[in-house]
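Quick notes on the structure that follows.
The values are calculated or read from the model by the stated rules, or taken from the named source; none is laboratory data. Everything numeric here is computed off the predicted structure, so don't read it as measured data. Counting neighbours? That spans all protein chains shown, and the Cβs are built from the backbone with ideal geometry, glycine included. The area values use the complete protein model at the heavy-atom level, side chains included, leaving out ligands, DNA and RNA. Shrake-Rupley method; radii C 1.70, N 1.55, O 1.52, S 1.80 Å.
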Amino acid sequence: MMHAFETLQLAQLAFPAEMNNSVLAPYLFVSAAMFCIGLIGFMTRKNMIIMFLCTELMFQAAGLSLIAFGRHHLGSDGQTFVIFVLTVAAAEAAMALALVVLLFRHRESLSASAWKELNG
Amino acid sequence: MEQIISPIALYLICALGAAGVALALPRKGLAHTKDKAFQYGGAVIVASAFGFAALLMGLKASDAGNPMPNLFFYPFAFVAIGASVRMITHKRPVYSALYFIMTIIASCGMYILLSAEFMAFALVIIYAGAILITYLFVIMLATQAPTSDNEDDLTDVDAVAREPMLATAIGFVMVGLITAAMFGGIGELSSPKMTQAQAQNSVLAYLPKKVDKILDRAGLLEDGWAVSRDLDTGMAVMDPDARTIQIELAGKDDHGDDTVLATRTLTSEDWPEALAADNLDRLGFNLLNDHPIMIEVAGIILLMAMLGATVLARKHTELEDALKAAQARKLGTMFHDDGEPSGGQA
(Lines give C-alpha, C1' and ligand atoms only; values in the text may rest on other atoms or scores of the structure.)
Protein backbone atom coordinates (compact mmCIF):
# COMPACT_ATOMS: atom_id res chain seq x y z
CA MET A 1 0.00 0.00 0.00
CA MET A 2 2.77 2.45 0.91
CA HIS A 3 4.33 1.69 -2.44
CA ALA A 4 1.35 3.34 -4.14
CA PHE A 5 1.84 6.53 -2.17
CA GLU A 6 5.57 6.63 -2.80
CA THR A 7 5.20 6.42 -6.55
CA LEU A 8 2.63 9.19 -7.01
CA GLN A 9 3.07 10.41 -10.55
CA LEU A 10 0.81 11.49 -13.33
CA ALA A 11 1.05 8.52 -15.67
CA GLN A 12 0.36 4.97 -14.55
CA LEU A 13 3.98 4.09 -15.23
CA ALA A 14 6.38 5.90 -17.50
CA PHE A 15 5.34 4.73 -20.96
CA PRO A 16 7.67 1.98 -22.13
CA ALA A 17 7.45 0.20 -18.78
CA GLU A 18 5.31 -2.91 -18.97
CA MET A 19 1.93 -2.76 -17.24
CA ASN A 20 1.13 -5.73 -15.05
CA ASN A 21 -2.13 -7.68 -15.35
CA SER A 22 -3.00 -6.64 -11.81
CA VAL A 23 -3.06 -3.00 -12.98
CA LEU A 24 -5.00 -3.82 -16.14
CA ALA A 25 -7.79 -5.65 -14.28
CA PRO A 26 -9.34 -2.68 -12.41
CA TYR A 27 -9.50 -0.65 -15.62
CA LEU A 28 -11.31 -3.51 -17.37
CA PHE A 29 -13.66 -3.81 -14.40
CA VAL A 30 -14.58 -0.12 -14.54
CA SER A 31 -15.05 -0.42 -18.29
CA ALA A 32 -17.39 -3.42 -17.88
CA ALA A 33 -19.37 -1.59 -15.20
CA MET A 34 -19.75 1.53 -17.35
CA PHE A 35 -20.85 -0.57 -20.32
CA CYS A 36 -23.54 -2.38 -18.34
CA ILE A 37 -24.78 0.83 -16.71
CA GLY A 38 -25.20 2.19 -20.23
CA LEU A 39 -27.06 -1.00 -21.18
CA ILE A 40 -29.41 -0.68 -18.19
CA GLY A 41 -30.08 2.93 -19.12
CA PHE A 42 -30.84 1.94 -22.70
CA MET A 43 -33.35 -0.66 -21.52
CA THR A 44 -35.11 1.35 -18.82
CA ARG A 45 -35.37 4.89 -20.10
CA LYS A 46 -38.24 5.84 -22.39
CA ASN A 47 -36.84 9.12 -23.64
CA MET A 48 -35.22 8.49 -27.03
CA ILE A 49 -32.51 11.13 -26.52
CA ILE A 50 -31.44 9.49 -23.26
CA MET A 51 -31.42 6.10 -24.96
CA PHE A 52 -28.96 7.36 -27.56
CA LEU A 53 -26.92 9.04 -24.81
CA CYS A 54 -26.66 5.62 -23.17
CA THR A 55 -25.22 4.13 -26.37
CA GLU A 56 -22.59 6.88 -26.22
CA LEU A 57 -21.79 5.71 -22.69
CA MET A 58 -21.30 2.18 -24.00
CA PHE A 59 -18.95 3.51 -26.73
CA GLN A 60 -17.04 5.29 -23.99
CA ALA A 61 -16.67 2.11 -21.94
CA ALA A 62 -15.43 0.21 -24.99
CA GLY A 63 -12.89 2.98 -25.63
CA LEU A 64 -11.56 2.73 -22.10
CA SER A 65 -10.86 -0.98 -22.42
CA LEU A 66 -9.31 -0.50 -25.87
CA ILE A 67 -6.89 2.06 -24.44
CA ALA A 68 -6.13 -0.14 -21.42
CA PHE A 69 -5.37 -3.16 -23.61
CA GLY A 70 -3.32 -1.00 -25.97
CA ARG A 71 -1.25 0.22 -23.03
CA HIS A 72 -0.80 -3.36 -21.85
CA HIS A 73 0.55 -4.43 -25.23
CA LEU A 74 2.76 -1.30 -25.52
CA GLY A 75 1.27 -0.50 -28.92
CA SER A 76 -0.74 2.35 -30.41
CA ASP A 77 -3.36 0.20 -32.13
CA GLY A 78 -5.80 0.64 -29.25
CA GLN A 79 -5.61 4.41 -29.45
CA THR A 80 -5.94 4.32 -33.24
CA PHE A 81 -9.08 2.26 -32.89
CA VAL A 82 -10.48 4.70 -30.33
CA ILE A 83 -10.14 7.42 -32.99
CA PHE A 84 -12.26 5.22 -35.25
CA VAL A 85 -14.78 4.64 -32.45
CA LEU A 86 -14.99 8.42 -31.96
CA THR A 87 -15.73 8.83 -35.66
CA VAL A 88 -18.50 6.25 -35.52
CA ALA A 89 -19.87 7.85 -32.35
CA ALA A 90 -19.96 11.26 -34.00
CA ALA A 91 -21.69 9.86 -37.09
CA GLU A 92 -24.12 7.95 -34.92
CA ALA A 93 -24.92 11.06 -32.86
CA ALA A 94 -25.63 13.09 -35.98
CA MET A 95 -27.91 10.43 -37.48
CA ALA A 96 -29.65 9.61 -34.20
CA LEU A 97 -30.38 13.21 -33.36
CA ALA A 98 -31.71 13.91 -36.84
CA LEU A 99 -33.94 10.87 -36.45
CA VAL A 100 -35.13 12.00 -33.01
CA VAL A 101 -35.99 15.45 -34.32
CA LEU A 102 -37.88 13.87 -37.23
CA LEU A 103 -39.84 11.53 -34.94
CA PHE A 104 -40.57 14.34 -32.49
CA ARG A 105 -42.07 16.43 -35.28
CA HIS A 106 -44.48 13.63 -36.17
CA ARG A 107 -45.76 12.69 -32.70
CA GLU A 108 -44.83 15.64 -30.44
CA SER A 109 -43.40 13.09 -28.02
CA LEU A 110 -39.94 11.75 -27.27
CA SER A 111 -41.28 8.49 -25.89
CA ALA A 112 -40.03 5.37 -27.65
CA SER A 113 -43.44 3.79 -26.96
CA ALA A 114 -45.10 6.43 -29.13
CA TRP A 115 -43.80 4.34 -32.05
CA LYS A 116 -45.04 1.01 -30.77
CA GLU A 117 -46.56 0.05 -34.09
CA LEU A 118 -43.05 -0.26 -35.56
CA ASN A 119 -42.40 -3.43 -33.56
CA GLY A 120 -43.65 -5.55 -36.46
CA MET B 1 -3.20 -17.56 -12.37
CA GLU B 2 -5.92 -17.49 -9.75
CA GLN B 3 -8.86 -15.14 -9.92
CA ILE B 4 -8.01 -11.53 -9.16
CA ILE B 5 -10.73 -11.48 -6.51
CA SER B 6 -12.91 -14.40 -5.49
CA PRO B 7 -16.09 -14.83 -7.56
CA ILE B 8 -18.27 -14.73 -4.42
CA ALA B 9 -17.02 -11.24 -3.52
CA LEU B 10 -17.46 -10.19 -7.14
CA TYR B 11 -21.08 -11.36 -7.28
CA LEU B 12 -21.86 -9.72 -3.92
CA ILE B 13 -20.46 -6.45 -5.20
CA CYS B 14 -22.54 -6.75 -8.39
CA ALA B 15 -25.67 -7.39 -6.29
CA LEU B 16 -24.92 -4.30 -4.21
CA GLY B 17 -24.45 -2.26 -7.38
CA ALA B 18 -27.72 -3.61 -8.79
CA ALA B 19 -29.56 -2.63 -5.61
CA GLY B 20 -28.09 0.88 -5.87
CA VAL B 21 -29.17 1.33 -9.50
CA ALA B 22 -32.64 -0.09 -8.84
CA LEU B 23 -33.00 2.32 -5.93
CA ALA B 24 -31.96 5.29 -8.03
CA LEU B 25 -34.00 4.66 -11.18
CA PRO B 26 -36.84 7.16 -11.56
CA ARG B 27 -40.25 6.11 -10.23
CA LYS B 28 -43.61 7.69 -9.68
CA GLY B 29 -45.34 8.84 -6.53
CA LEU B 30 -42.39 9.72 -4.30
CA ALA B 31 -42.03 12.92 -2.34
CA HIS B 32 -39.52 15.26 -3.95
CA THR B 33 -36.92 15.19 -1.15
CA LYS B 34 -37.20 11.43 -0.68
CA ASP B 35 -36.76 10.94 -4.41
CA LYS B 36 -33.61 13.08 -4.46
CA ALA B 37 -32.21 11.13 -1.50
CA PHE B 38 -32.91 7.83 -3.30
CA GLN B 39 -31.18 9.03 -6.46
CA TYR B 40 -28.05 10.35 -4.81
CA GLY B 41 -27.97 7.42 -2.39
CA GLY B 42 -28.23 4.90 -5.22
CA ALA B 43 -25.41 6.53 -7.20
CA VAL B 44 -23.14 6.61 -4.15
CA ILE B 45 -23.91 2.95 -3.33
CA VAL B 46 -23.04 1.82 -6.86
CA ALA B 47 -19.89 3.90 -7.07
CA SER B 48 -18.78 2.70 -3.62
CA ALA B 49 -19.44 -0.91 -4.57
CA PHE B 50 -17.22 -0.60 -7.60
CA GLY B 51 -14.63 1.49 -5.81
CA PHE B 52 -14.56 -1.19 -3.12
CA ALA B 53 -14.09 -3.89 -5.74
CA ALA B 54 -11.25 -1.98 -7.42
CA LEU B 55 -9.60 -1.42 -4.04
CA LEU B 56 -9.99 -5.11 -3.20
CA MET B 57 -8.25 -6.00 -6.46
CA GLY B 58 -5.50 -3.53 -5.73
CA LEU B 59 -4.94 -4.86 -2.21
CA LYS B 60 -4.91 -8.44 -3.46
CA ALA B 61 -2.32 -7.49 -6.09
CA SER B 62 -0.33 -5.65 -3.47
CA ASP B 63 -0.31 -8.76 -1.25
CA ALA B 64 1.02 -10.83 -4.11
CA GLY B 65 3.73 -8.24 -4.73
CA ASN B 66 2.19 -7.04 -8.01
CA PRO B 67 1.91 -3.33 -8.74
CA MET B 68 -1.34 -1.52 -7.86
CA PRO B 69 -3.13 0.97 -10.09
CA ASN B 70 -2.02 4.54 -9.66
CA LEU B 71 -3.71 6.21 -6.70
CA PHE B 72 -5.44 8.72 -9.00
CA PHE B 73 -7.26 5.81 -10.63
CA TYR B 74 -9.63 5.41 -7.67
CA PRO B 75 -11.20 8.90 -7.65
CA PHE B 76 -11.50 8.84 -11.45
CA ALA B 77 -13.20 5.43 -11.38
CA PHE B 78 -15.51 6.55 -8.57
CA VAL B 79 -16.54 9.71 -10.44
CA ALA B 80 -16.93 7.89 -13.77
CA ILE B 81 -19.26 5.24 -12.34
CA GLY B 82 -21.16 7.55 -10.00
CA ALA B 83 -21.76 10.09 -12.76
CA SER B 84 -22.85 7.42 -15.23
CA VAL B 85 -25.39 6.12 -12.71
CA ARG B 86 -26.64 9.68 -12.16
CA MET B 87 -26.83 10.04 -15.93
CA ILE B 88 -29.16 7.08 -16.44
CA THR B 89 -31.29 7.88 -13.40
CA HIS B 90 -31.74 11.64 -13.63
CA LYS B 91 -35.22 12.69 -14.63
CA ARG B 92 -34.23 15.77 -16.55
CA PRO B 93 -32.46 15.06 -19.88
CA VAL B 94 -30.28 18.19 -19.70
CA TYR B 95 -28.80 17.05 -16.40
CA SER B 96 -28.27 13.59 -17.85
CA ALA B 97 -26.20 15.10 -20.63
CA LEU B 98 -24.19 17.17 -18.15
CA TYR B 99 -23.51 14.09 -16.01
CA PHE B 100 -22.33 12.32 -19.15
CA ILE B 101 -19.78 15.11 -19.67
CA MET B 102 -18.61 14.40 -16.12
CA THR B 103 -18.21 10.70 -16.97
CA ILE B 104 -16.18 11.62 -20.03
CA ILE B 105 -13.88 13.91 -18.12
CA ALA B 106 -13.30 11.20 -15.51
CA SER B 107 -12.46 8.66 -18.19
CA CYS B 108 -10.10 11.20 -19.76
CA GLY B 109 -8.30 11.15 -16.42
CA MET B 110 -7.96 7.39 -16.76
CA TYR B 111 -6.69 7.79 -20.34
CA ILE B 112 -3.94 10.06 -19.04
CA LEU B 113 -3.04 7.46 -16.41
CA LEU B 114 -2.76 4.97 -19.28
CA SER B 115 -0.38 7.41 -21.04
CA ALA B 116 -2.78 8.14 -23.90
CA GLU B 117 -2.59 11.92 -23.53
CA PHE B 118 -3.58 12.78 -27.06
CA MET B 119 -6.75 10.70 -26.92
CA ALA B 120 -7.65 12.20 -23.55
CA PHE B 121 -7.61 15.75 -24.88
CA ALA B 122 -9.19 14.74 -28.18
CA LEU B 123 -11.99 13.13 -26.20
CA VAL B 124 -12.65 16.30 -24.21
CA ILE B 125 -12.74 18.36 -27.39
CA ILE B 126 -14.77 15.96 -29.53
CA TYR B 127 -17.12 14.45 -26.97
CA ALA B 128 -17.62 17.12 -24.34
CA GLY B 129 -17.12 19.97 -26.78
CA ALA B 130 -18.94 18.83 -29.89
CA ILE B 131 -21.11 15.73 -29.57
CA LEU B 132 -22.60 16.59 -26.18
CA ILE B 133 -23.35 20.16 -27.22
CA THR B 134 -25.27 18.77 -30.18
CA TYR B 135 -27.18 16.55 -27.76
CA LEU B 136 -27.94 19.53 -25.55
CA PHE B 137 -29.24 21.49 -28.53
CA VAL B 138 -31.58 18.69 -29.50
CA ILE B 139 -32.73 18.14 -25.92
CA MET B 140 -33.59 21.81 -25.66
CA LEU B 141 -35.23 21.85 -29.10
CA ALA B 142 -37.32 18.75 -28.65
CA THR B 143 -38.38 18.85 -25.02
CA GLN B 144 -41.19 20.79 -23.48
CA ALA B 145 -39.35 22.11 -20.47
CA PRO B 146 -41.26 22.08 -17.19
CA THR B 147 -42.27 25.56 -16.23
CA SER B 148 -41.43 25.37 -12.54
CA ASP B 149 -39.12 23.28 -10.38
CA ASN B 150 -42.03 20.97 -9.62
CA GLU B 151 -41.27 17.40 -10.70
CA ASP B 152 -44.95 16.77 -11.37
CA ASP B 153 -44.63 18.83 -14.51
CA LEU B 154 -42.35 16.20 -16.03
CA THR B 155 -44.02 13.87 -18.46
CA ASP B 156 -44.15 10.12 -17.87
CA VAL B 157 -41.49 9.74 -20.56
CA ASP B 158 -38.81 11.04 -18.26
CA ALA B 159 -40.25 10.38 -14.83
CA VAL B 160 -40.97 6.65 -14.99
CA ALA B 161 -38.53 3.87 -15.79
CA ARG B 162 -39.58 0.87 -17.85
CA GLU B 163 -39.05 -2.51 -16.11
CA PRO B 164 -36.38 -1.18 -13.71
CA MET B 165 -35.92 -4.40 -11.71
CA LEU B 166 -35.62 -6.73 -14.70
CA ALA B 167 -33.25 -4.43 -16.59
CA THR B 168 -31.04 -3.89 -13.55
CA ALA B 169 -30.88 -7.62 -12.87
CA ILE B 170 -29.91 -8.36 -16.48
CA GLY B 171 -27.33 -5.57 -16.50
CA PHE B 172 -25.57 -6.64 -13.36
CA VAL B 173 -25.64 -10.35 -14.22
CA MET B 174 -23.79 -9.21 -17.33
CA VAL B 175 -21.24 -7.23 -15.29
CA GLY B 176 -20.66 -10.32 -13.14
CA LEU B 177 -20.27 -12.66 -16.11
CA ILE B 178 -18.07 -10.34 -18.17
CA THR B 179 -15.79 -9.63 -15.23
CA ALA B 180 -15.57 -13.26 -14.12
CA ALA B 181 -14.72 -14.31 -17.68
CA MET B 182 -12.13 -11.55 -18.05
CA PHE B 183 -10.46 -12.26 -14.76
CA GLY B 184 -10.42 -15.98 -15.52
CA GLY B 185 -8.55 -15.34 -18.75
CA ILE B 186 -6.38 -12.42 -17.79
CA GLY B 187 -3.61 -14.76 -16.65
CA GLU B 188 -3.28 -16.17 -20.15
CA LEU B 189 -2.98 -12.72 -21.70
CA SER B 190 0.17 -12.68 -23.81
CA SER B 191 2.88 -10.30 -22.76
CA PRO B 192 3.78 -7.47 -25.14
CA LYS B 193 5.30 -8.61 -28.43
CA MET B 194 7.76 -5.75 -28.65
CA THR B 195 10.46 -4.83 -26.24
CA GLN B 196 10.27 -1.61 -24.26
CA ALA B 197 12.95 0.06 -26.39
CA GLN B 198 11.09 -0.92 -29.56
CA ALA B 199 7.82 0.41 -28.22
CA GLN B 200 9.38 3.76 -27.53
CA ASN B 201 11.84 4.16 -30.36
CA SER B 202 10.74 2.13 -33.38
CA VAL B 203 9.19 5.24 -34.91
CA LEU B 204 12.28 7.44 -34.49
CA ALA B 205 14.05 6.20 -37.63
CA TYR B 206 11.13 7.57 -39.66
CA LEU B 207 11.55 11.02 -38.14
CA PRO B 208 15.09 12.10 -39.11
CA LYS B 209 14.33 15.81 -38.69
CA LYS B 210 13.13 15.27 -35.13
CA VAL B 211 16.31 13.30 -34.39
CA ASP B 212 18.36 16.13 -35.94
CA LYS B 213 16.66 18.69 -33.75
CA ILE B 214 17.07 16.75 -30.51
CA LEU B 215 20.72 15.90 -31.21
CA ASP B 216 21.39 19.53 -32.06
CA ARG B 217 19.74 20.66 -28.84
CA ALA B 218 21.81 18.14 -26.88
CA GLY B 219 24.96 19.69 -28.43
CA LEU B 220 25.99 16.51 -30.24
CA LEU B 221 25.97 17.94 -33.76
CA GLU B 222 28.71 20.29 -34.90
CA ASP B 223 28.14 22.74 -37.73
CA GLY B 224 27.14 21.00 -40.97
CA TRP B 225 26.62 17.57 -39.40
CA ALA B 226 23.28 15.82 -39.59
CA VAL B 227 21.84 12.36 -39.12
CA SER B 228 22.60 10.06 -42.04
CA ARG B 229 19.61 9.29 -44.18
CA ASP B 230 19.02 6.12 -46.13
CA LEU B 231 19.09 7.16 -49.80
CA ASP B 232 16.14 4.98 -50.84
CA THR B 233 13.75 5.37 -47.93
CA GLY B 234 14.83 8.67 -46.39
CA MET B 235 14.91 7.01 -42.98
CA ALA B 236 17.51 7.92 -40.40
CA VAL B 237 20.35 5.40 -40.21
CA MET B 238 20.08 4.25 -36.61
CA ASP B 239 19.52 1.20 -34.47
CA PRO B 240 16.96 2.02 -31.79
CA ASP B 241 17.54 -1.28 -29.97
CA ALA B 242 21.30 -0.86 -29.68
CA ARG B 243 20.84 2.92 -29.28
CA THR B 244 23.36 3.89 -31.96
CA ILE B 245 22.96 6.64 -34.54
CA GLN B 246 25.07 7.38 -37.62
CA ILE B 247 25.73 11.06 -38.35
CA GLU B 248 27.45 12.57 -41.37
CA LEU B 249 28.96 15.78 -42.65
CA ALA B 250 27.53 16.73 -46.04
CA GLY B 251 29.44 18.88 -48.52
CA LYS B 252 30.47 19.30 -52.17
CA ASP B 253 33.06 17.23 -54.02
CA ASP B 254 35.48 18.57 -56.67
CA HIS B 255 32.77 18.63 -59.36
CA GLY B 256 30.34 20.55 -57.16
CA ASP B 257 28.06 17.56 -56.53
CA ASP B 258 26.58 16.77 -53.12
CA THR B 259 28.59 14.17 -51.28
CA VAL B 260 29.29 12.89 -47.79
CA LEU B 261 32.61 14.12 -46.46
CA ALA B 262 32.68 12.17 -43.19
CA THR B 263 30.51 9.85 -41.10
CA ARG B 264 30.60 9.02 -37.41
CA THR B 265 28.55 6.74 -35.17
CA LEU B 266 27.11 7.98 -31.90
CA THR B 267 27.15 5.18 -29.34
CA SER B 268 24.57 4.42 -26.70
CA GLU B 269 26.49 6.54 -24.15
CA ASP B 270 25.84 9.61 -26.31
CA TRP B 271 22.11 8.84 -26.73
CA PRO B 272 20.37 11.85 -25.17
CA GLU B 273 17.56 11.33 -22.66
CA ALA B 274 15.20 13.49 -24.69
CA LEU B 275 15.55 11.32 -27.79
CA ALA B 276 12.35 9.29 -27.64
CA ALA B 277 9.16 9.15 -29.70
CA ASP B 278 6.28 10.65 -27.75
CA ASN B 279 2.69 9.46 -27.70
CA LEU B 280 1.65 11.73 -30.57
CA ASP B 281 4.50 10.53 -32.82
CA ARG B 282 3.64 6.92 -32.22
CA LEU B 283 -0.11 7.42 -32.60
CA GLY B 284 0.18 9.47 -35.77
CA PHE B 285 2.60 7.01 -37.29
CA ASN B 286 0.42 4.06 -36.35
CA LEU B 287 -2.65 5.76 -37.81
CA LEU B 288 -1.11 6.81 -41.11
CA ASN B 289 1.32 3.96 -41.74
CA ASP B 290 -0.43 0.89 -40.37
CA HIS B 291 -4.10 1.79 -40.85
CA PRO B 292 -4.36 4.10 -43.88
CA ILE B 293 -7.59 2.51 -45.16
CA MET B 294 -9.23 3.29 -41.83
CA ILE B 295 -8.96 7.01 -42.50
CA GLU B 296 -10.74 6.59 -45.82
CA VAL B 297 -13.47 4.50 -44.21
CA ALA B 298 -13.88 7.06 -41.43
CA GLY B 299 -14.17 9.82 -44.03
CA ILE B 300 -16.87 7.92 -45.92
CA ILE B 301 -18.76 7.23 -42.69
CA LEU B 302 -18.70 10.91 -41.76
CA LEU B 303 -19.78 11.98 -45.26
CA MET B 304 -22.67 9.53 -45.26
CA ALA B 305 -23.70 10.62 -41.76
CA MET B 306 -23.70 14.24 -42.85
CA LEU B 307 -25.81 13.46 -45.92
CA GLY B 308 -28.15 11.25 -43.93
CA ALA B 309 -28.63 13.77 -41.15
CA THR B 310 -29.36 16.52 -43.65
CA VAL B 311 -31.89 14.42 -45.52
CA LEU B 312 -33.58 13.21 -42.33
CA ALA B 313 -33.82 16.52 -40.53
CA ARG B 314 -34.91 18.76 -43.37
CA LYS B 315 -38.43 20.08 -43.19
CA HIS B 316 -40.90 18.72 -45.72
CA THR B 317 -42.89 21.70 -46.91
CA GLU B 318 -46.03 20.99 -48.87
CA LEU B 319 -46.14 23.08 -52.04
CA GLU B 320 -49.39 23.68 -53.80
CA ASP B 321 -49.74 22.22 -57.28
CA ALA B 322 -49.86 25.61 -58.94
CA LEU B 323 -46.68 26.68 -57.22
CA LYS B 324 -44.95 23.41 -58.23
CA ALA B 325 -45.97 23.96 -61.85
CA ALA B 326 -44.66 27.51 -61.75
CA GLN B 327 -41.38 26.28 -60.31
CA ALA B 328 -41.06 23.63 -63.00
CA ARG B 329 -41.71 26.21 -65.74
CA LYS B 330 -39.12 28.50 -64.22
CA LEU B 331 -36.54 25.71 -64.21
CA GLY B 332 -37.48 24.78 -67.77
CA THR B 333 -36.87 28.25 -69.16
CA MET B 334 -33.39 28.28 -67.67
CA PHE B 335 -32.24 25.75 -70.26
CA HIS B 336 -32.24 25.88 -74.04
CA ASP B 337 -33.33 22.82 -75.94
CA ASP B 338 -29.76 21.55 -76.28
CA GLY B 339 -29.39 21.61 -72.49
CA GLU B 340 -27.08 24.64 -72.31
CA PRO B 341 -27.82 27.01 -69.47
CA SER B 342 -29.01 30.39 -70.69
CA GLY B 343 -27.21 32.34 -68.04
CA GLY B 344 -29.96 32.08 -65.44
CA GLN B 345 -32.20 34.65 -67.16
CA ALA B 346 -35.50 33.14 -66.15
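Below, the figures for the structure above:
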quantity: Prolate/oblate/rounded label for the stretch B:21-127 (Cα gyration tensor, a/c 1.5); calculated: oblate
quantity: Relative contact order (%) - criterion: Cα under 8 Å, at least six apart; region: the stretch B:7-188; calculated: 26
quantity: Accessible area (Å², 1.4 Å probe, nearest 10) - A:Thr55; calculated: 30
quantity: Mean ellipticity per residue at 222 nm, deg cm²/dmol - from DSSP H runs of n ≥ 4 across chain A, formula -39500 (n - 2.57); calculated: -24500 deg cm²/dmol
quantity: Averaged over B:63-73, number of beta-carbon atoms from partner chains that fall within 10 Å; calculated: 6
quantity: ³J(HN,Hα), Karplus 6.51/-1.76/1.60, whole Hz, each residue of the stretch B:198-215, x for Gly, Pro; calculated: 5, 4, 7, 10, 4, 7, 4, 4, 7, 10, x, 5, 5, 4, 3, 5, 5, 5
quantity: Nearest-ten-degree value, helix A:77-107 long axis tilted from longest Cα axis of chain A; calculated: 20
quantity: Acute angle (nearest 10 degrees) that the helix A:48-72 long axis makes with the longest principal axis of chain A, alpha-carbon atoms; calculated: 20
quantity: Accessible surface of the protein assembly as shown [probe 1.4 Å, protein heavy atoms]: carbon and sulfur percent; calculated: 64
quantity: Shielding of A:67-73 by partner chains, average beta-carbon count, 10 Å; calculated: 6
quantity: Linear extension gain, B:Leu231 paired with B:Ala9, 0.36 nm per residue minus alpha-carbon span; calculated: 73.8 nm
quantity: Loop sites in the stretch B:1-71: trypsin sites (Lys or Arg not before Pro), DSSP, at most 13 other Cβ within 10 Å; calculated: B:Lys28
quantity: Segments B:62-69, A:23-30 sorted - mean Cβ within 10 Å per residue, highest first; calculated: A:23-30, B:62-69
quantity: Tilt relative to chain A, helix A:21-44 - C-alpha long axis, 0 to 90 degrees, to 10; calculated: 10
quantity: Residue mean of other protein chain beta carbons inside 10 Å, B:183-195; calculated: 3
quantity: Cβ-based net charge around B:Leu207, under 10 Å, with every Lys or Arg adding one and every Asp or Glu removing one; calculated: +1
quantity: Shape of the protein assembly as shown, Cα gyration tensor, a/c cut at 1.5; calculated: oblate
quantity: Selection from B:Asn289, B:Ile245, B:Ala313 lying farthest towards where the dipole of the stretch B:208-346 points positive, charges on Cβ; calculated: B:Ala313
